[in-house]
Amino acid sequence: MSSSAGSFEIQDTFGAMLIGTFVTMILYGITTLQAYFYYLSFPKDGKQTKLLVLLIWLLDTFHSIFVGHCVHRFLIAGFVDRSLLVNGNWSLFLSIGTNVLEAFIVQAFFAHRIFILCSPEKRWWVAGVIGFFVVAHFAFGLKTVVYLFITKEFARLQELSASSIVPFGITTIISDILIAVALCILLHSNRSEFGDTNTIINKLILYAINRCILTTAVAFAETIVFSVLPNSFYSIAIDFIVGKLYANSLLAVLNSRANLRPQSRAGFSDESTEMSTRFNVTSGVANHQTSLFQVRTRESARETVPEKRNQELSIMTPGGSSEKHAVSTLKDGRKEGIITGEVYQIP
């Protein structure tokens with residue numbers, strides 16, 4: 001009977017941790033592949049974005065190292081010295097802290113883009129509400145990590161359940177939902193009469209929803225599992241993969257531009273404007289990195305090209321400046337792209 005109980009305990013603790021480690025390493029491989037694809041596909045992006053990708057990849061790399069060291073300590077060293085299995089160690093706690101930092105950076109990235117997208121009269125309270133929950137999520141996570149370093153005992157984790165760990169999970173869920181809802185509303189409000197633009201916006205909304213569902217579901221599962229099975233390592237196994245999901249969600253957003261370029265780009269070659277509309281839009285003409293555009297449709301006549309319906313893309317750079325891109329439809333059905341004052345014919 002005792003043997004059965006001991007076997008069940010190992011399965012619930014280090015067995016769960018080992019499975020979480022396998023999934024973690026698979027996701028790390030995907031992170032590395034996405035980072036490689038990003039640098040290969042978007043060499044003209046700005047330094048800020050490139051450094052952000054590098055930072056996320058480095059954090060993910062360190063997290064994988066910490067997880068590997070942690071599992072080695074428990075399963076190899078702990079096999080000889082059973083006393084090592086009672087308490088946590090620095091690599092486990094640092095892996096949790098790295099996840100907290102990764103999630104904070106990615107959520108702050110999206111919150112900043114929402115701030116840019118919002119109209120001036122709404123941006124402060126919309127981004128402010130989202131920012132509050134993002135910072136709260138980071139604070140609760142930091143408190144949990146500090147407490148773990150101080151106590152080091154797994155048995156005392158329940159002391160943090162109501163004060164830190166459960167609020168940590170709840171603020172994570174709320175942050176992700178608010179970010180997804182804000183993005184969907186902002187993107188939907190920018191729909192126009194242009195079919196290509198609406199198709200791209202629909203894809204962006206779908207990406208935002210998918211990202212929200214994935215990260216929210218995992219955060220919800222981790223919170224529930226910890227509340228129901230506080231003495232198992234199932235919640236830790238789930239936590240191992242949380243940071244990887246955030247890292248991959250950011251990289252997927254940046255790399256999705258390759259799939260969001262309009263078909264008309266084929267006629268532009270290297271001097272085209274990549275209407276890659278997610279959170280980093282690379283302008284081949286301007287030759288610098290830009291972020292997040294607002295699509296506005298207006299009915300007006302231009303002095304240079306009369307009797308046209310113009311779709312204006314106001315592309316905001318990280319520094320706050322902007323440039324105007326427009327795609328106009330002529331009377332005969334031809335499309336014309338107006339980019340920083342230059343006119344290109346779109347087949």
(Q) Let me check I've understood the local charge: for Leu160, count other residues with C-beta under 15 angstrom from its C-beta, Lys and Arg +1, Asp and Glu -1. What total comes out? (A) -1
Q: At 10 °C and 1.306 mPa s, grab the translational diffusion coefficient of region 44-186 from Stokes-Einstein with a Kirkwood Rh over Cα pairs, rounded to a whole number in µm² per second.
A: 93
Q) How big is the gap, in Å, between the Cα center of region 127-173 and the Cα center of region 10-78? A) 22
Q. Among 50-59, 106-115, how do they line up from the highest to the lowest mean number of other beta-carbon atoms within 10 Å?
A. 106-115, 50-59
(Q) I need Asp176, Asp60, Asp45 ordered by Cβ neighbour count within 10 Å, fewest first. (A) Asp45, Asp60, Asp176
**Q.** Ranked packing of 119-131, 27-39, 236-248, most packed first, by mean Cβ within 10 Å
**A.** 236-248, 27-39, 119-131
Q: Using label points projected 7 Å from each Cα along Cα→Cβ, tell me how many nm separate Phe132 and Ile150, to one decimal.
A: 2.7
(Q) For a 28 Å ceiling on Cα separation, which of these pairs sit above it: Lys143/Lys203; Lys50/Lys152; Lys50/Lys143; Lys44/Lys122; Lys152/Lys244; Lys50/Lys122? (A) Lys143/Lys203; Lys50/Lys152; Lys50/Lys143; Lys44/Lys122; Lys50/Lys122
Q: Between beta-carbons, use under 9 Å as the cut-off and find the net charge around Asn87, counting Lys and Arg +1, Asp and Glu -1.
A: 0
Q. For region 2-260, what are the per-bin percents of Cα-Cα distances with bins 10 Å wide, up to the bin holding the maximum?
A. 7, 28, 33, 19, 9, 3, 0, 0
Q) Which trypsin sites (Lys or Arg not before Pro) from region 141-170 combine a DSSP loop assignment with at most 16 other Cβ atoms within 10 Å? A) Lys152
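Computed from the coordinates by the stated procedures, all read-outs in this text should not be read as laboratory data. As the structure is a computational prediction, the values presented were derived from the model and not from experiment. As a convention, Cβ positions derive from the backbone with ideal geometry for all residues, glycine included, and neighbour counts pool all protein chains shown.
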